[in-house]
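Participant: One structure follows; several queries about it will come next.
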């Protein structure tokens, strides 16, 4: 099998911490077939379901991004909605980035 990493672009390049995390993933999975995929900023649910259908994924893991109060208040509850749109096991990992 192969691990596919999907990143939905958000009109900006990866920041320093994200680049460090991507490098750490490459090191962590160096002995396992893996591939990174980036898709343009689009509806997350559409991007994930499209990717799943094209690549035949068997398991979906998402990292829950940390949001401000207002982002949580106004943002679409993506993780809850994705759970209703995928037909494979789905796991959510909490965000554990460094605090600024």
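Participant: Give me a count of the residues in region 79-90 that are within 30 Å of residue 16 (Cβ to Cβ) and either modelled with pLDDT under 75 or in a loop (DSSP other than H, G, I, E, B) (or both).
Facilitator: 2
Participant: Same structure, new question: Quick one: which helices (runs of 4 or more DSSP H) lie wholly within region 1-78 and hold at least 3 residues that are touching a helix residue (DSSP H, G or I) at 6+ places or on another chain (Cβ under 9 Å), modelled with pLDDT of 80 or more and surrounded by 10 or more Cβ atoms within 10 Å (Cβ to Cβ)?
Facilitator: Details: elements: 16-28, 44-55, 69-74.
Answer list for region 1-78: 44-55.
Participant: How do the pairs read when you match residues in region 1-27 that are more than 22 Å from residue 47 (Cα to Cα) with residues anywhere that are modelled with pLDDT under 85 and not in a strand (DSSP E or B), using Cβ under 8 Å and keeping only pairs 6 or more apart or on different chains?
Facilitator: 17/97; 17/98
The values are calculated or read from the model by the stated rules, or taken from the named source; none is laboratory data. In this text the structure is predicted, and so the values were computed from the model without any measurement. Reconstructed Cβ throughout: ideal geometry from the backbone, glycine too, with neighbour counts over all protein chains shown.
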